[in-house]
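The next block holds one structure in the form of structure tokens; read it before the comments.
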Amino acid sequence: MNDQGRSGALPGLAGQSGHALLGIYLNDHLAAATVVTGRSRHFVSSCRDAALADAVAPVAAQIAEDRRTLLALMRRLNVPVRRYKVYAGRLGERAGRLKSNGALLRRSVLSTLLELELLQVGIQGKICVWETLRVLAGQDRRLDPRQLDDLMERARGQLRTIDDLRRRQAEETFTGP
């Protein structure tokens with residue numbers, strides 16, 4: 001028997017049902033990654049503070065790249081993409097743009113803070129999925145432990161960047177310049 005077992009499921013998971021649960025888990029994270037990717041791109045393009053947008057731009061590019069990496073890992077693990085979850089993520093992200101945050105005709109400064117918080121939560125979720133896959137890497141050679149370690153470290157760097165920007169934005173939002 002190979003690393004994958006007969007069903008293509010990860011060894012150590014409860015047979016096909018364990019693989020099905022992993023599929024649900026990864027598809028849920030893919031939907032969340034879709035939301036965060038869209039929101040980070042929107043943030044960069046709509047933020048009125050050019051320095052803040054420039055600081056978030058490299059993180060937004062990495063978030064998009066990490067989403068593509070998740071898709072590649074799902075293919076490697078024979079986990080089918082549930083497109084309805086991806087579409088729901090896209091729809092949810094766009095619907096979230098409609099919230100006024102106290103200003104109907106212009107972008108609210110509160111929107112900037114809330115979007116940074118959404119990015120922060122999304123990155124924390126991404127760290128969780130990389131950590132989970134890192135645990136499973138000990139059971140399946142299709143998962144590269146070093147790649148997952150690198151992804152976790154990069155996400156932690158993203159989190160530090162966004163957290164710093166969020167703290168500064170919170171101070172500016174509520175205490176003024």
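Summarising the label geometry, the points placed 7 Å from Cα in the beta-carbon direction at residue 108 and residue 82 lie 3.2 nm from one another. Rounded to the nearest whole Hz, the Karplus-based 3J(HN,Hα) values (6.51 cos²θ - 1.76 cosθ + 1.60, θ = phi - 60°) of segment 152-158 follow the sequence 5, 5, 5, 5, 5, x, 4, with x at glycine and proline. Here the peptides 55-61, 115-121 are ranked by packing, the mean other Cβ count within 10 Å, and the order with the highest first is 115-121, 55-61.
Extension gain for residue 61 to residue 150 (0.36 nm times residue separation, less C-alpha to C-alpha distance): 30.4 nm.
Treating r as the C-beta distance of residue 132 and residue 163 and R0 as 22 Å, the FRET efficiency rounds to 0.50. The slack between residue 46 and residue 172, meaning 0.36 nm per residue of separation minus the straight C-alpha distance, is 43.6 nm. Between residue 17 and residue 141, the distance separating the two model label sites (each 7 Å from Cα on the Cα→Cβ line) works out to 3.0 nm.
Readers should treat all values here as calculations from the given coordinates under stated rules, not as data from a laboratory. This is a predicted model, so every value here is computed, not measured. Neighbour counts are summed over all protein chains in view; Cβ atoms, including those assigned to glycine, are modelled from backbone coordinates with ideal geometry.
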